[in-house]
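S.K.: One structure, as structure tokens, below. Some questions next.
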Amino acid sequence: MLSSEDLRVYGSGSLNLYFRLPPDVSFGSRTLAPFRLNYELARWTSGTRGEMRIRLNGEYVTTRPLSAASDQEKHSTTIGLPVDHLFAGNTLTIEFSVEGPQLAGGRSTPEQAVLRDSSLDLSALAHYVEMPRLDLFANSGFPFTKFADLSETAVILPHDVSTQQVSLYLALLGFFGARTGYPALRVSVLYPEQAAAAANKHLLIVGGADEGAAPLTDSSPARVDQSGIRISSRPGFFSFLPLRKSADQNRLAADVLTADPAPGGFISEFASPFGRDTTVVSFQARNPSQYSELEHFFAENTHLADIQGNLSLLQDGQLHSFTLKAQAYSYGNLRWDERWRTWAKEHYWAMPLLLLLAVVLLGSQLNRWLEVRARIRLESHC
């Protein structure tokens with residue numbers, strides 16, 4: 001995880017450890033991921049004391065005390081990193097705060113080193129993720145970057161492609177290459193009417209989604225027409241309930257669409273209508289200038305954290321993200337027990353209904369058993 005040389009701090013100071021995780025790694029019911037931190041203290045004289053503070057992606061995790069009795073010895077401590085703060089790209093900050101007489105007297109400066117055999121334990125974790133997830137696309141380019149050469153990616157460009165659309169397309173390829181460290185050599189470029197021929201590939205659409213590819217337009221959570229951007233209505237079985245999260249998200253998205261100024265473009269993600277377990281990410285805008293605005297986010301790596309859910313609306317230079325009703329799909333596999341825990345966590349509201357159903361079924365069976373027993377006893381006395 002670390003470089004070939006140990007990372008050292010002289011006196012008080014901090015250092016950063018940078019690491020990436022597979023975007024589809026699943027922690028299941030775990031809340032902490034064990035990080036084994038190996039470190040060394042040197043030139044710590046009598047009376048020196050200090051502490052080591054740990055932060056993950058800017059969030060405080062824990063503090064560990066340090067003492068001069070540990071001079072010249074290698075030490076190891078296990079730190080539980082909260083999985084809610086682990087992303088595809090991570091920064092672990094280790095801050096050393098040292099106090100002692102040698103600092104005031106000008107004698108030798110204490111030295112702390114994080115050893116290169118420090119590691120994050122990801123053993124026994126499954127690769128599983130539920131889609132759509134625009135945040136994974138914005139952070140790591142997933143699922144397009146699953147293959148570094150983008151051999152499972154097809155880009156859909158309109159016939160009358162504009163300069164801004166080509167520029168956005170090239171910026172996205174550069175964005176993918178920065179995440180994989182490899183050039184996009186095997187990406188396919190198609191016209192909208194050829195999208196069905198790429199049924200086994202993930203589709204990246206840059207404009208022109210309505211040109212000869214109606215299934216793509218129908219599957220998207222939003223579309224662009226002459227009157228502006230519209231949300232595709234997909235009422236669900238429980239959509240009539242006023243407290244449903246999807247209903248709230250639809251209302252919030254509708255508020256942005258009716259605001260002044262109105263959104264000029266969007267990024268959406270949805271299941272491909274042409275292939276099983278393949279994804280479509282679509283960039284659509286009302287005019288060429290808004291394609292340049294969308295390009296800015298990915299070319300400059302700015303405000304990518306604002307891209308979440310399955311729809312991000314571009315309004316006045318800002319992105320507003322929503323999770324609208326959409327077809328759910330997944331990549332990877334989970335054990336049945338982990339799958340059950342994941343389902344129960346997301347559908348906690350269904351637990352009382354399941355318990356009620358179990359009580360009714362158990363009660364009916366118990367009542368039937370009691371009737372049979374009573375009949376047998378009555379017959380035995382006749």
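The values are calculated or read from the model by the stated rules, or taken from the named source; none is laboratory data. Predicted, not measured: the structure shown is a model, and the values here were computed from it. Glycine gets a Cβ as well: all are built from the backbone with ideal geometry, and neighbour counts include every protein chain shown.
S.K.: Among S312, S330, S289, which is the only one that is in contact with a Leu (Cβ under 9 Å, 6 or more places away or on another chain), among the polar types (S, T, N, Q) and closer than 20 Å to S268 by Cα?
M.R.: S312
S.K.: Right, something else. Take the residues in segment 164-187 that are among the polar types (S, T, N, Q) and modelled with pLDDT of 95 or more; name whichever of them is farthest from P23 (Cα to Cα).
M.R.: Q164
S.K.: Restricted to segment 212-237, and to residues that are small (G, A, S), surrounded by fewer than 21 Cβ atoms within 10 Å (Cβ to Cβ) and assigned to a loop (DSSP other than H, G, I, E, B), which residue is modelled with the lowest pLDDT?
M.R.: Only one residue tops the list, namely G236.
S.K.: Checking S97 against (1) at pLDDT 90 or above; (2) touching a strand residue (DSSP E or B) at 6+ places or on another chain (Cβ under 6 Å); (3) crowded, with 16+ Cβ neighbours inside 10 Å, which test does it fail?
M.R.: Failed condition: (3).
S.K.: Now for a separate question. Going residue by residue through segment 144-157, is there one that turns out to be of a type in the set (G, A, S) and surrounded by fewer than 18 Cβ atoms within 10 Å (Cβ to Cβ)?
M.R.: Looking through segment 144-157, at least one residue is of a type in the set (G, A, S) and surrounded by fewer than 18 Cβ atoms within 10 Å (Cβ to Cβ).
S.K.: Sticking with this one: Pick out, from segment 265-363, the strands (runs of 3 or more DSSP E) lying fully within it that include 1 or more residues that are among the hydrophobic types (A, V, I, L, M, F, W, C) and without any contact (Cβ under 8 Å) to a residue 60 or more places away in the chain.
M.R.: Counting at least 1 such residues, we get 265-271, 311-315, 318-322.
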